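Single-structure report; data block below.
The values are calculated or read from the model by the stated rules, or taken from the named source; none is laboratory data. Remember, it's a predicted structure, so these values are computed and weren't measured experimentally. Ideal geometry is used to build each Cβ from the backbone, glycine not excepted, and the neighbour counts take in all protein chains shown. Accessible surface areas use protein heavy atoms only, side chains included; no ligands, DNA or RNA. Shrake-Rupley method; radii C 1.70, N 1.55, O 1.52, S 1.80 Å.
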Amino acid sequence: MNCFYRRLGLPDATTSSSALVIMLTAMTIGCERSDDVRVYQVPKTPETSQTDQPIAKPREETSGNSNGGQLDAARSAQPAATPATPSIHYIVPENWTEQPGDGMRTAAFTFEGDLGSGQVTLIVLPGQAGGPAANINRWRGQVGLEPLPEQTAFESATQITVDGQPGLLVDLTGAEISDQPAQRIVAAIVMHGGSTLFVKMTGPAELLEVETEALNQLLESLRLTGADQPQQPDDSP
Amino acid sequence: MRPLAENRYLRPIAWLASLKLAVVLFGLSIVLVFLGTLAQVDQGIWAVMDQYFRTLIAQVELNLLLPTGWVGRATVPFPGGWLLGGLLMINLAAAMIVRFRWSWRKSGLLLIHLGLAVLLLGELVTGLYAEEAQMTIPEGGSSNFAEDIREVELALVDRSGRLADEHHVVSQRLLRRAASNNRAIEDAQLPVRVEVLRFMSNSILTSATMSESWINPATRGLGRRFLAVQRDPVAAADTDQTIDMPAAYVELIDRQSGRALGTYLVTTWLSNRDMTDTIEAGGKRYELSLRFRRAYKPYALHAVQIDNDHYVGTNIPRNFSTRVRVVDRLRGQDRQFVIRMNQPLRYAGDTYYQSQMAVDESTTTFQVVRNPGWLLPYIACIVMTVGMIIQFAGSFWRFSARAGEP
């Protein structure tokens, strides 16, 4: 065999095959994909017109409550096999005024008193929505408090139960700034199925002192239905 | 036969055949594997594969070995997997050229080393060209694309065509580069010029009205209602096994008219919920979204029946299977198959593995793999096995022949 190669003036079989391997390697390395910007056509066939959509949406169950409020729960962060989205029912406390839903179909209420006005929002976000500690620190920032280490932020919350689901309650009061009254946030975080429910009340600290009982009534009236299984909040104390 | 090293043209490469070089390269490979294993604690496996192994130069974070308080996020360069593998291949080839003396007695050794080279080449081909994605289909529904949840793309879709939709997509790599270099993306294939103000590898989405203290960069569209906030990438050790949900703020300018279209929030949080913005550029309307990277197929899979059986009275899975109907107008195929655990469907270069399904059998998810180099490891193993048989058989034959001598 080597005579054959020598007649052609080539190195022998070993050299040739080795050189071939090196060349193939170099060519493969050199042939990197260059597809940063692409344009392509997707035919509108009967199959694709049915299916040209993102990963399948879970079955959504929505229903109204006696006051007409309705929440649309978002999908979980996992793109595959998402649980059904929960629906939420509640009873609006007496002196609260329900506002039209906005954005992710949040429920919102306002209330007023001699000491000012405040608001309550209900919102459902997919997955853990950043986790309880991150949200607690974000609220701390909103009332002018310094953020806490993750574990400490966690432990600062009180464990509660909402419709049999475990949750956390956070009560944060900021400091007075010049002639502005101190702001207060009382918020609940409830993990339900693959979503997280946030119930957040904000307003002047003294006004919220009066409205805290109404918030408790709202939390007690909450009914969460339609998700697969309850989930424990992460790192719950 | 004269040794090849006596060939003056090959003498310069004799040093590449050094055994000392091989030992050094193996040692560096062991260190690289060790560092990559440590890095997986905080980073996802795919991030580590890209950062340490499928690259020429790896950027090793010093906090893998030293306290973070001392070194922060500082990195040092280290030979990456492709560089070490490439040099090992060259060392192997050079050794064969310089030292190897061809004879039938050495054919076993030749085959073993050739098999090793094919194995290394196979990993390179896999690293460069393999595609892995997911396809989720509801029972009774169908799909004609798979999504790679490790990567996103900015998509502008023109649905005005009667026969087809036109997808203009920008890769995640380009989006990141544009964000870090502060350079606009301008390409003749795009109807707009894209300035990436911010790219977040992972994010949470919140209502803009809930976050009064945050500045909202978006001036149009869904970004006025939602706010994306950066969070750390998901770690491999994340017990929840969640995935990264990227987001970006992009400023768009019509390439044809030069008109500013506004700053939009794009994120997989919204695209996964079928929420997209619509923009107008060049006289056409486009759906704008940041979605997981898609690979459209020339055929569609219909999920006819999904079975999720457990052993009676337990939660132990007994059988996950999906009966699918493959409709391929290009090849004139309309056939049914059953995809089960350990029984994938191989069709048109794609392999569909049963990956997950909903507990209530409402949806099924397939892992879709396309790897042009899938045969190379099998070929490599066969070649090495034959080489070892030849080598050991030859040695045994010679030994038994000598043993018979008086």
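The table below lists the values:
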| read-out | value |
| --- | --- |
| Test item: B:288-298 mean partner chain Cβ contacts at 10 Å | 2 |
| Whether the stretch B:122-218 is rounded, prolate or oblate, judged on the alpha carbon gyration tensor where a/c under 1.5 counts as rounded | rounded |
| Area of residue B:151 that stays accessible when all protein chains are in place (1.4 Å probe, Å², to 10) | 60 |
| Pairwise label distance in nanometres, residue B:399 with residue B:68, each label 7 Å out on the Cα-Cβ vector | 5.6 |
| Cβ-based charge dipole, the stretch B:33-192, positive-most Cα from B:144, B:122, B:182 | B:122 |
| Along principal axes, Cα extents of the stretch B:34-110, largest first, whole Å | 60, 20, 17 |
| Within straight-line cross-link reach of residue B:20, lysines at Cα separation under 24 Å, skipping those fewer than 8 residues along the same chain | B:106 |
| Distance between modelled label sites at residue B:23 and residue A:115, nm, 7 Å Cα→Cβ extension | 7.9 |
| Ranked by how many other beta carbons lie within 10 Å on average, peptides B:248-254, B:306-312, B:383-389 from highest | B:248-254, B:383-389, B:306-312 |
| Highest to lowest packing among B:262-273, B:289-300, B:38-49, scored as the average C-beta count within 10 Å | B:262-273, B:289-300, B:38-49 |
| Per-residue average of Cβ from other chains inside 10 Å of A:147-153 | 0 |
| Between the stretch A:190-214 and the stretch B:170-211, the alpha-carbon center distance in angstrom | 35 |
| Under 5 Å, built H, 5+ apart or other chain: amide partners of residue B:165 | A:42, A:44 |
| Size descriptor, Kirkwood hydrodynamic radius, that averages inverse alpha-carbon separations across chain B, Å | 25.8 |
| Amide H contacts of residue B:244 (H built 1.01 Å from N, under 5 Å, at least 5 apart or other chain) | B:234 |
| Amide proton proximity set for residue B:151, modelled H, under 5 Å, gap of 5+ | B:293 |
| Helix runs (DSSP H) in chain B reaching 18 Å along axis by Cα, Kyte-Doolittle at least 1.6 | B:19-39, B:81-98, B:107-129 |
| Inter-chain Cβ neighbour average for residues B:178-187, partner chain, 10 Å | 1 |
| Simple label model, 7 Å out from Cα along Cβ direction - residue B:46 to residue B:343, nm | 2.9 |
| Distance from the stretch B:47-121 to the stretch A:142-167 (C-alpha centre basis), Å | 48 |
| Gyration tensor (alpha-carbon) shape descriptor, the stretch A:117-222, a/c threshold 1.5 | oblate |
| Per-residue [θ]222 nm for chain B (sum of -39500 (n - 2.57) over DSSP H runs n ≥ 4, rounded to 500) | -9000 deg cm²/dmol |
| Chain B, relative contact order [Cα under 8 Å, separation at least 6], % | 18 |
| Qualifying lysines (Cα of each under 20 Å from Cα of residue A:44; at least 8 residues distant if same chain) | B:284, B:297 |
| Overall form of the stretch B:256-343 per C-alpha gyration tensor (a/c, 1.5; a/b vs b/c) | oblate |
| The stretch B:184-197 - phi-based ³J(HN,Hα) in whole Hz, Karplus 6.51/-1.76/1.60, Gly and Pro as x | 6, 8, 10, 8, 4, 7, 10, x, 10, 8, 10, 10, 8, 6 |
